[in-house]
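Asker: Before anything else, here's the structure in question.
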Amino acid sequence: MREVKEILDEAQEKMDMAVMYLEEALAHIRAGKADVRLLDGIRVDSYGSMVPINNVAAVNTPDARSIVIKPWDKSMFKVIEKAIIDSSLGIMPENNGEIIRIGIPPLTEERRKQLAKQCKGEGETAKVSVRNARRDAIDGLKKSVKDGLAEDAQKGGEEKLQKIHDKYIKQIDDMLAAKDKEIMTV
């Protein structure tokens, strides 16, 4: 027989993972502000292996509208530049021989709405994961009742589970609201 606390902890861990997934997904959505995490998905060929850009260069954001990449090896300039051009980022890098600069252009109204919609989709995915974790935990509690857990303990566990679920859904809504505000701010 599984304990109520064990079932609730397992559900909470799954909900944590859903929130972390959402956080990561929202970080990769370009909101008109420069963020080094925009380059996380871009890989470059370095001595025969594909590695992230930050493994072969210093990457930082000197201001809100640009990302600066300073390769440690001069031979990496063309490789990094080509990887950025070929990526889904949709921005042309500028290379002056010392650094590669990526200027983040302001977003159009249409693109802002598109990104807000994409964020909502990611949020829904996270909410579904949280709800699935709740459902699995409720099923686990019902099985425990069959194995000898008191029904009062099950009801108490379900009430605690609902409170945990509501907390995570609110956290997801708050994250989406913040990202939406960031995207829609001109």
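Asker: In deg cm²/dmol and to the nearest 500, what is the mean residue ellipticity at 222 nm of the chain if only DSSP H runs of at least 4 residues count, each as -39500 (n - 2.57), divided by the residue total?
Answerer: Working: 4 runs with 107 residues, N = 186.
Value at 222 nm, helices only, nearest 500: -20500 deg cm²/dmol.
Asker: Restricting to Cα atoms and excluding each atom paired with itself, what does the Kirkwood estimate give for segment 34-101 in Å?
Answerer: Result for segment 34-101, one decimal place: 11.9 Å.
Asker: Across segment 89-146, how large is the tail of the calculated P(r) beyond 15 Å, expressed as a percent of all Cα pairs?
Answerer: 72 percent
Asker: As I understand it, the dipole of the chain uses +1 on the Cβ of Lys and Arg and -1 on the Cβ of Asp and Glu, about the Cα centre. Which of VAL44, ALA153, LEU8 lies farthest toward its positive end?
Answerer: Farthest along the dipole direction, towards plus: VAL44.
Asker: Which one, ILE69, LEU22, ALA58, is farthest towards the positive end of the dipole of the chain when Lys and Arg carry +1 and Asp and Glu -1 on their Cβ?
Answerer: It is ILE69, whose Cα lies furthest towards the positive end.
Asker: Moving to a separate point now. Return P(r) of segment 75-122 (all Cα-Cα pairs; 5 Å bins starting at 0; whole %; ordered from short to long distances).
Answerer: 5, 18, 20, 19, 14, 11, 9, 4, 0
Asker: Additional query: Highest first, please rank the peptides 47-56, 163-172 by the mean number of other Cβ atoms sitting within 10 Å of their residues.
Answerer: Per-residue mean Cβ counts within 10 Å order the peptides as 163-172, 47-56.
Asker: Near LYS74, within a Cβ-to-Cβ distance under 14 Å, what is the net charge of the other residues, with Lys and Arg +1 and Asp and Glu -1?
Answerer: So the surrounding residues net to -1.
Asker: What are the radius of gyration and Dmax of segment 85-186, computed over its Cα atoms and given in Å?
Answerer: Spelled out, the Cα radius of gyration and Dmax of segment 85-186 are 22.3, 72 Å.
Asker: Taking the Cα centre of segment 34-101 as origin, work out the dipole magnitude from +1 charges on Lys and Arg Cβ and -1 charges on Asp and Glu Cβ, in debye rounded to 20.
Answerer: 40 debye
Asker: Here's something else I'd like to know. Which lysines does LYS33 reach when only Cα atoms under 21 Å apart count, and residues fewer than 8 places away in its own chain are ignored?
Answerer: Output for LYS33: LYS70, LYS113, LYS117, LYS120, LYS179, LYS181.
Asker: At 1.4 Å probe size, with every protein chain present, just tell me what the per residue accessible area of the chain comes to in Å².
Answerer: I get 59 Å² per residue for this part.
Asker: Another question, if that's okay. Share of segment 34-101's accessible area from carbon and sulfur, percent, 1.4 Å?
Answerer: Values: 2060 of 3920 Å².
Reported share for carbon and sulfur atoms: 53 percent.
Asker: Counting alpha carbon pairs within less than 8 Å and at least 6 residues apart, what relative contact order, in whole percent, applies to segment 34-101?
Answerer: Once normalised by length, the contact order is 28 percent.
Asker: For LYS14, list the aspartates and glutamates whose Cα falls under 18 Å from its own Cα; do not include residues on the same chain fewer than 8 positions away.
Answerer: Filter leaves GLU3, GLU6, GLU23, GLU24, GLU122, GLU124, ASP136, ASP139, GLU158, GLU159, ASP166, ASP173.
Asker: Let me ask another. What is the Cα centroid distance between segment 32-77 and segment 89-128, reported in whole angstrom?
Answerer: 16 Å
Asker: Output the peptides 95-107, 15-27 sorted from most to least packed, where packing is the average of other Cβ atoms within 10 Å over each peptide's residues. Write down the numbers at each step before the final one.
Answerer: Working: 95-107: 14.4, 15-27: 16.9.
Going from most to least packed, we get 15-27, 95-107.
Asker: Only Cα pairs under 8 Å and at least 6 apart count here; give the relative contact order of segment 1-147 as a rounded whole percent.
Answerer: Details: 168 pairs, mean separation 43.3, N = 147.
Reported relative contact order: 29 percent.
Asker: So what does log10 I(q)/I(0) come out to for the chain at q = 0.15, 0.16 Å⁻¹, using the Debye formula with one equal point on every Cα and no solvent?
Answerer: -0.88, -0.94
Asker: What size of dipole, in debye to the nearest 20, comes out for the chain about its Cα centre when the only charges are +1 on Lys and Arg C-beta atoms and -1 on Asp and Glu C-beta atoms?
Answerer: It comes to approximately 420 debye.
The values are calculated or read from the model by the stated rules, or taken from the named source; none is laboratory data. No experiment lies behind these values; they were computed from the predicted model shown. As a convention, Cβ positions derive from the backbone with ideal geometry for all residues, glycine included, and neighbour counts pool all protein chains shown. Calculation scope for accessible area: heavy atoms of the full protein, side chains included, ligands and nucleic acids excluded. Shrake-Rupley method; radii C 1.70, N 1.55, O 1.52, S 1.80 Å.
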